[in-house]
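**Student:** Can you read through this structure? Questions will come right after.
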Amino acid sequence: MEKVPMTQQGLETLDEEFHRLRDKERHAVIKAIAEAREHGDLSENAEYHAARERQSFIEGRLAELEDVISRADVIDPSKISGKVVRFGATVVVADEDTDEELTYQIVGTYEADIDSGLLSVTSPMARAMIGKTIGDSIEVNTPRGPKGYEICGVKFK
């Protein structure tokens, strides 16, 4: 069974979602199905079909979360040090064309959120950064073509 690397915060977020789905949303959708059944003919009951679809989504997501949580390999970035980019590192990169600086933390696939600066370890950019140090240049293949970045800072927090 392959381990899934993630930070403690990522594990807590997944665990919260699991408990919310299991303890609240599952019960709410069961109630919605029961109410929709009282309306009669199920073959033409849109409320019933929507509730059943929602139930299917919830059960599938619960199974996925349970699997991921059971395989979680929690890595604490604060216990790592050095100047080499690794899992958990917070990396400052500068766009070589515009000199715009961007900051990303390399995290597990299931906790990635690019809008929050959390970059999946499996993303092309993270893969290009891993193993590099401050001052190194990386090239990332984007949908618009290759893009160059320079690593300006690496810290573990």
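Laboratory data are not the source of any read-out in this text; all were calculated from the coordinates shown. Here the structure is a predicted model, which means the values were calculated and not measured. Here the Cβ is made from the backbone with ideal geometry for all residues, glycine too, and neighbour counts use every protein chain on show.
**Student:** Counting only DSSP beta bridges with both residues in segment 62-157, tell me the antiparallel percent, nearest 5.
**Tutor:** 85 percent
**Student:** For the residue pair Lys24 and Lys3, what label-to-label distance in nm results when each label sits 7 Å from Cα along the Cα-to-beta-carbon direction?
**Tutor:** Those two pseudo-labels are separated by 3.3 nm.
**Student:** Taking a label point 7 Å from the Cα of Lys31 along the Cα→Cβ vector, which residues of segment 51-74 have an amide N closer than 17 Å to it?
**Tutor:** Under cut-off, by backbone N: 51-52, 54-55.
**Student:** Quick one: which residues, 5 or more positions from Glu96 or on another chain, have an amide H under 5 Å from its amide H? H modelled 1.01 Å from N in the peptide plane, none for Pro or chain starts.
**Tutor:** Distant-sequence amide H within range of Glu96: Gly148, Tyr149, Glu150.
**Student:** Let me ask something additional. Non-local amide H neighbours of Val4 (under 5 Å, H modeled in plane, Pro and chain starts lacking H): which ones?
**Tutor:** Long-range HN contacts for Val4: Ala72, Asp73.
**Student:** Quick one: Debye curve from the C-alpha atoms of segment 77-155, no solvent, what's log10 I(q)/I(0) at q = 0.12, 0.21, 0.25 Å⁻¹?
**Tutor:** -0.29, -0.92, -1.29
**Student:** Still on this structure, I have one more. Return the long-range amide H neighbours of Gln105 (sequence gap of 5 or more, or a different chain), with a cut-off of under 5 Å between placed amide H atoms.
**Tutor:** Hits under the 5 Å cutoff: Val91, Leu118, Leu119.
**Student:** Hey, which of these cross-link pairs are over 19 Å Cα-Cα: Lys83/Lys132; Lys79/Lys155; Lys79/Lys157; Lys3/Lys155?
**Tutor:** The pairs that break the limit, which is 19 Å between Cα atoms, are Lys3/Lys155.
**Student:** Taking only Cα atoms and a 10 Å spring cutoff, compute GNM fluctuations for the chain and point out the largest among Gly88, Gly145, Gly131.
**Tutor:** Answer for the Gaussian network model of the chain: Gly145.
**Student:** When the Debye formula is applied to the Cα atoms of the chain, each taken as the same point scatterer, what base-10 log of I(q)/I(0) results at q = 0.11, 0.18 Å⁻¹?
**Tutor:** -0.59, -1.01
**Student:** How would Ser81, Ser137 line up from fewest to most surrounding beta-carbon atoms within 10 angstrom?
**Tutor:** So the residues, fewest neighbours to most, are Ser81, Ser137.
**Student:** Let me ask another. Run the quick spin-label model on Ile80 and Glu16: label points 7 Å from Cα toward the beta carbon, then report their separation in nm to one decimal.
**Tutor:** For the pair Ile80/Glu16, the computed spacing is 2.3 nm.
**Student:** Could you give each residue of segment 122-133 its phi-based ³J(HN,Hα) in whole Hz, using Karplus coefficients 6.51, -1.76, 1.60 with θ = phi - 60°, and x for Gly or Pro?
**Tutor:** Karplus values, whole Hz, x for Gly and Pro: 8, 6, x, 5, 5, 4, 5, 7, 4, x, 8, 10.
**Student:** Along each of the three principal axes of the Cα atoms of segment 112-152, give the extent in whole Å, ordering the values from largest to smallest.
**Tutor:** Cα spread of segment 112-152 along its principal axes, largest to smallest: 26, 23, 15 Å.
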